[in-house]
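Scroll down for the structure; my scribbles are underneath it.
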Amino acid sequence: MNTLIAPAPGYSKITLLREIYYGFRPNKPNFTPDDYPDLTGKTAIVTGCNTGIGKHSLELLYQKNCNVIGIVRSQSKGDEARDDIVNNNPESKGTITIVSGCDYMDLSKIPAVGLKIKEVLGTKALNIIIHNAGLMAPNNEGTSFQGYEAMFQTNVLGPQLLQHFIDPLFLKNDDTSLKRIVWVSSGAHLLAFNTYGINWEDPLFENSPTKERPNNNVLYGQSKAANIYQAKAWYEENKNICEEIGCVSVSCYPGNLKTDLQRGWGFSMTLAKYLMWDGVYGAYSELYGALSPTLKPQDSGAYIVPFGEIHDPREDIKLGLTNGVAIKLWEFVESKISPYF
Ligand SMILES: NC(=O)c1ccc[n+]([C@@H]2O[C@H](COP(=O)([O-])OP(=O)(O)OC[C@H]3O[C@@H](n4cnc5c(N)ncnc54)[C@H](OP(=O)(O)O)[C@@H]3O)[C@@H](O)[C@H]2O)c1
């Protein structure tokens, strides 16, 4: 893993600061629920939909009559979110089905989730997948059941593994009017390692005790840089069929939003919340990726920023999208998750 395709270029600190500032003071959203199409007969998957941005995305899709499969860890939290949304939107003709047990901290649980999704979907077409579930503040020692760094496993290995079970359901010549995947990233990728965002010698910190790892900002940033690569690499891996059926795969930084994400990060985050936006704005960013008619298959790999615009990611990571780094990261993740699919 330590032989890079080309040395990572440097990046402008001024551009970096400008992008960090933009995250707190973004342009107003231009693509909001009034612009969304009616989604009757369409099916979407949203992971981590019991709270935060995922719950907002689920609600906005449901309001447009979408059938949504909500993926959660805990059945009771999922049911509570579903009941809330259904009660608040009695006019919707959509459906919400909760699939629980999806805890990315233990990869061995994911195949069963894949099977349940297949059962729920039946013969219906699958139109949208939003890989929204994510972890920023590990509340254990920061290591997964498999012994990997917790944020990389939750934010990167888990979604890529789940996508393996979704691929055969999604990559079909059925309802090709809408085929989207959104890999939820973050502006925190700007804080990732300066070697294309990834600590190539040991991305999962398998060989480092928690106390010897870099701080959580850098580790979270690494996982979110990987999400940017996943959007592009998934498309490259499936390019022929994607072009045939019109799939778009993008990454998305939803914004700096008041959600449960910052639980566990203490007083500094409590203060930062004064600069943050309501969680629904994050859903506007995600649903720009899922629904905007301006996005085409050849836009795959684009990095969406708040609240529905396309910017470049950090310069080295932008280069990594086209010089083989994204595929290298994808293949590294494959090597770790292959025992589970
Ligand atoms: N909020 C922000 O400012 C911000 C900024 C940039 C990017 N993002 C990204 O946006 C996405 C949503 O974040 P949010 O702000 O809505 O956070 P949130 O309120 O904390 O919600 C996170 C969701 O992910 C789920 N999750 C956490 N750990 C998981 C695991 N091990 N396996 C499966 N699901 C897990 C949570 O389930 P439980 O409720 O069961 O824990 C919850 O449903 C994340 O990918 C995050 O990185 C957020």
- Task: Please find, among LEU287, LEU319, LEU329, the residue that is in a helix (DSSP H, G or I), within 16 Å of the ligand (Cβ to nearest atom), in contact (Cβ under 8 Å) with a residue 60 or more places away in the chain and not basic (Lys, Arg).
- Result: LEU287
- Query: So which residues in the stretch 139-161 are acidic (Asp, Glu) and out of contact with any Gly (no Cβ under 8 Å at 6 or more places or on another chain)?
  - Reply: GLU141
- Subset of the stretch 225-234 (residues that are more than 15 Å from TRP200 (Cα to Cα) and within 15 Å of the ligand (Cβ to nearest atom)): ASN227, ILE228, GLN230, ALA231
- Message: Would you confirm whether or not the stretch 238-248 contains a residue that is farther than 30 Å from LEU39 by Cβ and in a loop (DSSP other than H, G, I, E, B)?
- Response: no
- Of those in the stretch 120-153 that are assigned to a helix (DSSP H, G or I) and over 19 Å from LEU58 (Cβ atoms), the residue farthest from the ligand (Cβ to nearest atom) is PHE152
- Limited to the stretch 56-102, what total is found for residues that are surrounded by fewer than 17 Cβ atoms within 10 Å (Cβ to Cβ) and in contact with a Lys or Arg (Cβ under 7 Å, 6 or more places away or on another chain)? 1
- Picked from the stretch 170-219 (must be touching a helix residue (DSSP H, G or I) at 6+ places or on another chain (Cβ under 7 Å) and of a type in the set (Gly, Ala, Ser)), the residue farthest from ALA150 (Cα to Cα) is GLY187
- Note on the structure: Per the filter on the stretch 188-234, residues over 24 Å from TYR22 (Cβ atoms) and touching a Phe, Trp or Tyr at 6+ places or on another chain (Cβ under 7 Å) are ASN199, PRO203, LEU204, GLU206, ARG213, ALA233
- Any idea which residue in the stretch 1-44 is surrounded by the fewest Cβ atoms within 10 Å (Cβ to Cβ), counting only those that are under 20 Å from LEU191 (Cα atoms) and of a type in the set (Lys, Arg)? LYS13
- Query: Does the stretch 249-259 contain at least one residue that is touching a helix residue (DSSP H, G or I) at 6+ places or on another chain (Cβ under 6 Å), more than 19 Å from ARG25 (Cα to Cα), within 15 Å of the ligand (Cβ to nearest atom) and part of a helix (DSSP H, G or I)?
  - Reply: no
- Check the stretch 284-292 and report whether any residue there is among the charged types (D, E, K, R), out of contact with any Leu (no Cβ under 8 Å at 6 or more places or on another chain) and crowded, with 24+ Cβ neighbours inside 10 Å. yes
- When every residue in the stretch 198-224 that is of a type in the set (S, T, N, Q) and surrounded by 24 or more Cβ atoms within 10 Å (Cβ to Cβ) is compared, the one farthest from the ligand (Cβ to nearest atom) is GLN222
- Message: With the structure loaded, tell me whether ALA150 is free of Cβ contacts under 8 Å to residues at least 60 places away in the same chain, of a type outside the set (Asp, Glu) and closer than 26 Å to TYR235 by Cα or whether it fails that test.
- Response: yes
- Message: For the stretch 190-197, check the following and say yes or no: at least one residue is within 14 Å of the ligand (Cβ to nearest atom), under 30 Å from PRO7 (Cα atoms) and in a helix (DSSP H, G or I).
- Response: yes
- Going by the conditions given, is ILE128 modelled with pLDDT of 95 or more, within 22 Å of the chain's Cα centre (by Cα), within 22 Å of GLY308 (Cα to Cα) and not polar (S, T, N, Q)? yes
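The values are calculated or read from the model by the stated rules, or taken from the named source; none is laboratory data. Predicted model, so just to flag it, every value in this text is computed and none were measured. Here Cβ is always computed from backbone atoms with ideal geometry, including for glycine, and neighbour counts include all displayed protein chains.
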